[in-house]
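> Below is the structure I would like to discuss, written out as structure tokens.
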Amino acid sequence: MERLRVHLNEAALRDNLRTIRRLTGPEPAVMGVVKANAYGHGLITASKLLIRHGVQQLAVATLDEACHLRDAGLLLPITILAPTPADGAREVVARRLRASLSDLATAWDLHRAAVRHGQRVPVHIEIDTGLGRYGWPPATAEIERLAALDRLVVAGVYTHLNGSGHAELVDQLRVFEHAYARIVTALGHRPARHALASTALAAGLHDRTRWEIVRPGALLYGLAPRDKSVPAPAGLRPGLSLTSYIQLLRSLPAGASIGYGGAYRTSAPTLIAVVPAGFADGIPRQLAGTGRVLIRGHDAPIIGSVGMSHLTVDVTGIPQVTVGDTVTLIGGSIDVQEWADLAGTVNTDVLTRIAPALPRTVIPTPHARGERSA
Ligand SMILES: *Cc1c(COP(=O)(O)O)cnc(C)c1O
């Protein structure tokens, strides 16, 4: 009996990529964002599925994630969406990763590592158009000095938009366009441009930009864009479900207490199922008394408390309920957004807390059956 398992729906990921292609047409390269364990879906398993269905490049947040992808034998372009620490420059060059540049010191580190390796290193220049973390200020003159570092190949120039709503996003794109024009003059060639993540793609901005690369994360996994003022594209499908099983059934009389500190007291004879999944696995504690699971197609409310390694649900009245029954925590009518709303956070926060150590199983598309991976 599997204690707790994450299932990836291959057909859903494929269809989400088709939805992205409906927004972009066939031209731009899709750089799939797989940071934070592919938004909790499982870095390697999810990346392989995304590549199978048309993602041409990957982006991660850290050098470690990029190295895991290379260790898994993935040879496509991988961009690290953050500055590389000085002691990581050698690794970036040796593994043929693409670094992001926000400052000259990092550029020099990479240049020197590339000289030592007798190689050149592809980089992406990041411009800060308002997020205020990574990226050069748009008006910087420093970037002109990159032209002298002949071991760096500027493969791309990008920004990460923070705008909310169409008009704000367009303003930021204009700032980026000015910065890009100056970089082109300084370098004497036209690197690929990329800015559009899920919100801007859903806002239809690819029609306006038609740049060489798009950089979605959320949409790949069937998640609505972060910005609620931008409607989610039709047809998104959740990529992930989460299941456990009934470990134990308990019949409790009226007036029995359940959970730490008597979190819940039964008002009538109640049938309780214990499920071996808790907050150490990423189940939000706030679901106690508010959330539900699905058993035999019925809602079973989560009562008592969500413990470190288990939770309790009320299964009174579910016909034929029995030990070993599958418990759906996320899936069917339970969307991860329901958890996020109950826990007072965003869907990506919930997903990235699902314990990385849990097994990830692919539910293959009908024509890909037999290619199961763990
Ligand atoms: C996370 C991230 C993305 C993807 O954002 P979504 O809103 O999930 O599509 C794209 N670019 C950068 C730099 C990011 O950090």
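> When you check Arg226 against the structure, is it among the basic types (Lys, Arg), crowded, with 21+ Cβ neighbours inside 10 Å and within 16 Å of the ligand (Cβ to nearest atom), yes or no? Before the answer, list the steps.
Numbers: among the basic types (Lys, Arg): yes; crowded, with 21+ Cβ neighbours inside 10 Å: no; within 16 Å of the ligand (Cβ to nearest atom): yes.
So Arg226 fails the test.
> Scan Thr84, Thr106 and give me the residue that is crowded, with 19+ Cβ neighbours inside 10 Å and either on the phi > 0 side of the Ramachandran plot or under 24 Å from the mean Cα position of the chain (by Cα) (or both).
Sole residue among the options that is crowded, with 19+ Cβ neighbours inside 10 Å and either on the phi > 0 side of the Ramachandran plot or under 24 Å from the mean Cα position of the chain (by Cα) (or both): Thr84.
> Six or more apart or on different chains, Cβ atoms under 6 Å: show the pairs whose first residue is in region 169-189 and under 12 Å from Thr159 (Cβ atoms) and whose second is in a helix (DSSP H, G or I) and β-branched (Val, Ile, Thr).
These pairs meet every condition: Ile183/Ile143.
> From the list Gly261, Gly255, which one is more than 16 Å from the ligand (Cβ to nearest atom), at positive phi, assigned to a loop (DSSP other than H, G, I, E, B) and in the same structural domain as Pro319 (by TED's automatic domain parsing)?
When all the criteria are applied, what remains is Gly255.
> Picking from Arg145, Arg151, which residue would you name as being modelled with pLDDT of 95 or more and away from the ligand (no atom under 16 Å from the Cβ)?
Answer to the selection: Arg151.
> Hey, among the residues in region 344-357 that are surrounded by 18 or more Cβ atoms within 10 Å (Cβ to Cβ) and within 11 Å of Leu242 (Cβ to Cβ), which one's farthest from the ligand (Cβ to nearest atom)?
Ile354
> Same structure again: Could you check Arg70 against (1) assigned to a helix (DSSP H, G or I); (2) over 19 Å from the mean Cα position of the chain (by Cα); (3) among the basic types (Lys, Arg) and say which number it fails?
The single condition Arg70 does not satisfy is (2).
> Would you be able to tell me the number of residues in region 87-99 that are surrounded by fewer than 22 Cβ atoms within 10 Å (Cβ to Cβ) and in a strand (DSSP E or B)? Outline the logic, then answer.
Initially, region 87-99 is screened for residues surrounded by fewer than 22 Cβ atoms within 10 Å (Cβ to Cβ), giving 87, 90-91, 94-96.
Pick out the ones that are also in a strand (DSSP E or B) and you get none.
Total satisfying the criteria: 0.
> Continuing with this model, one more query. Would you check if there is a residue in region 183-198 being near the ligand (Cβ under 10 Å from one of its atoms), closer than 30 Å to Leu329 by Cα and in the same structural domain as Tyr158 (by TED's automatic domain parsing)?
Yes, because at least one residue in region 183-198 is near the ligand (Cβ under 10 Å from one of its atoms), closer than 30 Å to Leu329 by Cα and in the same structural domain as Tyr158 (by TED's automatic domain parsing).
> What pairs come out if I take residues in region 203-221 that are polar (S, T, N, Q) and pair them with residues that are within 9 Å of the ligand (Cβ to nearest atom) whose C-beta lies under 9 Å away, six or more apart or interchain?
Thr209/Ala195; Thr209/Leu196; Thr209/Ala200
> Next question. Kindly check whether there is at least one residue in region 306-327 that is outside the structural domain of Gly40 (by TED's automatic domain parsing), of a type in the set (A, V, I, L, M, F, W, C) and in contact with a Pro (Cβ under 8 Å, 6 or more places away or on another chain).
yes
> Scan region 10-22 and give yes if some residue there is under 15 Å from the mean Cα position of the chain (by Cα), small (Gly, Ala, Ser) and in a helix (DSSP H, G or I), otherwise no.
yes
> Right, another one. Whether any residue in region 48-66 is surrounded by fewer than 24 Cβ atoms within 10 Å (Cβ to Cβ), of a type outside the set (A, V, I, L, M), away from the ligand (no atom under 16 Å from the Cβ) and over 18 Å from the mean Cα position of the chain (by Cα) is what I want to check.
So far as region 48-66 goes, no, none of its residues is surrounded by fewer than 24 Cβ atoms within 10 Å (Cβ to Cβ), of a type outside the set (A, V, I, L, M), away from the ligand (no atom under 16 Å from the Cβ) and over 18 Å from the mean Cα position of the chain (by Cα).
Every residue, every condition in (1) in the same structural domain as Ala59 (by TED's automatic domain parsing); (2) touching a residue at least 24 places away in the same chain (Cβ under 8 Å); (3) in contact with a His (Cβ under 7 Å, 6 or more places away or on another chain); (4) farther than 21 Å from Leu205 by Cβ, yes or no:
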site: Trp108; (1), (2), (3), (4): yes, yes, no, yes
site: Val123; (1), (2), (3), (4): yes, yes, no, yes
site: Gly130; (1), (2), (3), (4): yes, yes, no, no
site: Trp136; (1), (2), (3), (4): yes, yes, no, yes
site: Ala167; (1), (2), (3), (4): yes, no, no, no
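> So, Thr45, is that one more than 20 Å from the chain's Cα centre (by Cα) and not in a loop (DSSP other than H, G, I, E, B) or not? Don't jump to the end; show me each part of the working.
Values: more than 20 Å from the chain's Cα centre (by Cα): no; not in a loop (DSSP other than H, G, I, E, B): yes.
Considered against the rule, which asks whether it is more than 20 Å from the chain's Cα centre (by Cα) and not in a loop (DSSP other than H, G, I, E, B), Thr45 comes out as no.
The values are calculated or read from the model by the stated rules, or taken from the named source; none is laboratory data. From a predicted model like this one, the values you see are computed outputs, not experimental measurements. So basically every Cβ, Gly included, is an ideal-geometry build from the backbone, and we count neighbours across all protein chains shown.
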